[in-house]
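The next block holds one structure in the form of structure tokens; read it before the comments.
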Amino acid sequence: MKKYFLYLVALLILAGCSGKRGSNDAKSIEGRDIVADSGMVVSAHPQSSAIGVKILQKGGNAIDAAVATEFALAVCYPEAGNIGGGGFMLIRTYDGKTDIIDFREEAPSLATRDMYLDIKGNVTEGASTDTHLASGVPGTVDGMILAHSRYGKLPFRDVVQPAIELAEKGFPVTKEQAASLNSNRTMFIERNSARTAFVRDSLWKEGDILIQFDLAETLKRIRDYGRDGFYGGKTARLIIKEMHRGNGIINENDLKEYKSASRNSISVDYKGYKVITIPPPSGGGIMLIQLLQMIEPYPVRDWGFHSTQVIHLMVEAERRAFADRSEYLGDPEFMKSPFCKLIDKKYIIHRMTTFDPKRASQSLTIKPGSPEGYSSEETTHFSVVDADGNAVSVTTTLNNTFGNSIVVDSAGFILNNEMDDFSVKPGFPNMYGMVGGEINSVQPGKRMLSSMTPTIVEKNGRLSLVVGSPGGSTIPTSVFQVLVNVIDFDMSIQEAVDKGRFHHQWLPDYISYEKNAIDSITVCKLNEMGHKLKSRSSIGRVNAIQILPDGRKSGGADKRSYNSSCGY
Ligand code: GLY
């Protein structure tokens, strides 16, 4: 306990947070279950949350803070925070306008549909996850630059600088990070020719300082030259050199040509709340809207939190939404995807006509529906709200924990293994056990289907919630459960985020649930209804903010691991 307290104090001093809870002065407050008067950042690490809040206190808006938080996560949360990966940013400005920046990675121009198959047509194990070929063209730096150029108030260099200092000075690794770095040690050694910052002579222990000089130099080039500091010049040369070393295929032109995309948000009204989220190339938003509409006609509140009926209903909705995902979702620039039809109320009602309140369906009999007209879970989410009410919901990823564990030599950042999010062979499960179809096959320049679900919720036209989660296939189901906890069961955001979770993804056909999330009597009753259940480690890692009726911000930093709310 004392050790934890000392560690927290060291972390707060380094992070620049006062550590005082509930203070009303301009000092920042940090922790879980905190309420702040003005602005708040909730992210996967105390350092990144504190950096985001410092930017707000310097006069930056939520977008400045989000960009600073993202670069800081690339330093202090290398498991998933990144400049070598991609993600999605959903913005709602204080006057209610929404914007989406899609900085998802793209397949390199030399990618081919069958690049992960051997000559017999079988999937080559590890090729889409563990090698240089596993990396899509990174989008994060372009996405941050675009977001900042559209909305930022502070100079770009000011929002990158804190991450540079963090990389140079270092930060104390958490207990979980030390364990994670140690368990990845062999991979870092085997997959890199030079020694990386992530490997020490001895094993990592909690409180050891992680310094990343090469990464700091890369961030300086981004600070000084913007896009050209990453997609051109020295950084691009280092990426290409790294690709040549490992027979990767990302080339100079792929980097030069990479552009984030702007997308229109999609939304649904659910019990008086407007839930705003993102369209493909993530399937997460479509699924979230499907899930909410599928359960809306049922008396969820009366049935009770985690009652047999509610779990059964939510699981059956998830089964159907995941079946649709496998068939109909992919990069909209490449395929005619019926995604508007998938969230049409008539279609949703039809989809639930096979729902039996007393019996589990069998996934083999739940085929993808027929919408009319259609011929490691390691990712990270952070939420930001500023004093003016601008809100940013960002989910970003390397795919696996530490991506493919390949660090671009002399550039200090880890590459993603996002290519595994394509259907490397239609019908063959990816690392999350999800199967996909032709619509999500590999094609040059195409964005792989994601499950990321950054979401913002309004009530009566006012900002109410900012939410999202990592967790691969469990992302939309985690966000779904948090929304139901708040909207149907009146929980505070912290309570809603901390509650136990369960998940069903059509295939494999069982409910996975966190230990203690479902009591043993309910497990028996669900078994009797025909459900198979398996307990597992934690599901999702939600970082959310709720706006209270008086305008203050309440933090929901997930109790799973060391997420942190920081506000002022
Ligand atoms: N790489 C996880 C996702 O995009 O869903």
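Selection within the stretch 412-432: residues that are crowded, with 23+ Cβ neighbours inside 10 Å and away from the ligand (no atom under 16 Å from the Cβ). The member of this set that is nearest to the chain's Cα centre (by Cα) is PHE413. Any residue that is hydrophobic (A, V, I, L, M, F, W, C) and outside any strand (DSSP E or B) - is there at least one of those in the stretch 259-276? No, every residue in the stretch 259-276 fails to be hydrophobic (A, V, I, L, M, F, W, C) and outside any strand (DSSP E or B). Taking residues in the stretch 271-295 that are aromatic (Phe, Trp, Tyr), and partners anywhere that are away from the ligand (no atom under 16 Å from the Cβ) and not in a loop (DSSP other than H, G, I, E, B), the pairs with Cβ atoms closer than 6 Å and at least 6 places apart or on different chains are TYR273/VAL457; TYR273/LYS459; TYR273/ILE487. In the set (1) more than 16 Å from the ligand (Cβ to nearest atom); (2) surrounded by 15 or more Cβ atoms within 10 Å (Cβ to Cβ), the condition left unmet by HIS244 is number (2).
Restricting attention to the stretch 277-294, the residues that are outside any helix (DSSP H, G or I) and either touching a Leu at 6+ places or on another chain (Cβ under 7 Å) or hydroxyl-bearing (Ser, Thr, Tyr) (or both) add up to 6. Residues in the stretch 181-227 that are closer than 20 Å to ALA163 by Cβ, among the hydroxyl-bearing types (Ser, Thr, Tyr) and part of a helix (DSSP H, G or I): THR218, TYR225. Pairs meeting the criteria (first residue in the stretch 302-328 and surrounded by 23 or more Cβ atoms within 10 Å (Cβ to Cβ), second residue basic (Lys, Arg), beta carbons under 8 Å, at least 6 apart or on different chains) are ARG320/ARG351; ASP324/ARG351.
Entry remark, the stretch 449-484: residues being more than 16 Å from the ligand (Cβ to nearest atom) and not β-branched (Val, Ile, Thr) number 10 in total.
Scanning the stretch 433-443 for residues that are within 16 Å of the ligand (Cβ to nearest atom), part of a loop (DSSP other than H, G, I, E, B) and farther than 21 Å from ILE249 by Cβ yields GLY433, MET434, VAL435, GLY436. Every condition in (1) in contact with a Ser or Thr (Cβ under 9 Å, 6 or more places away or on another chain); (2) within 16 Å of the ligand (Cβ to nearest atom); (3) among the charged types (D, E, K, R) holds for LYS446 except the one numbered (1).
Among the residues that make up the stretch 343-361, is at least one of them crowded, with 21+ Cβ neighbours inside 10 Å and within 23 Å of the chain's Cα centre (by Cα)? Looking through the stretch 343-361, at least one residue is crowded, with 21+ Cβ neighbours inside 10 Å and within 23 Å of the chain's Cα centre (by Cα).
Can you pull out the residues in the stretch 507-522 that are over 28 Å from the mean Cα position of the chain (by Cα) and either surrounded by fewer than 17 Cβ atoms within 10 Å (Cβ to Cβ) or within 15 Å of THR477 (Cβ to Cβ) (or both)? Matches in the stretch 507-522: ASP519, SER520, ILE521. Residue pairs whose Cβ atoms lie under 7 Å apart, separated by 6 or more positions or on different chains, with the first residue in the stretch 472-494 and farther than 20 Å from ILE34 by Cα and among the aliphatic types (A, V, I, L, M) and the second in a helix (DSSP H, G or I) and away from the ligand (no atom under 12 Å from the Cβ), are VAL479/LEU288; VAL484/VAL300. Just give me the residues in the stretch 335-387 being polar (S, T, N, Q), modelled with pLDDT of 80 or more and not in a strand (DSSP E or B), in sequence order. The answer is THR353, THR354, SER361, GLN362, SER363, THR365.
The values are calculated or read from the model by the stated rules, or taken from the named source; none is laboratory data. What you see is a predicted model, and the numbers here were worked out from it, not measured in a lab. Reconstructed Cβ throughout: ideal geometry from the backbone, glycine too, with neighbour counts over all protein chains shown.
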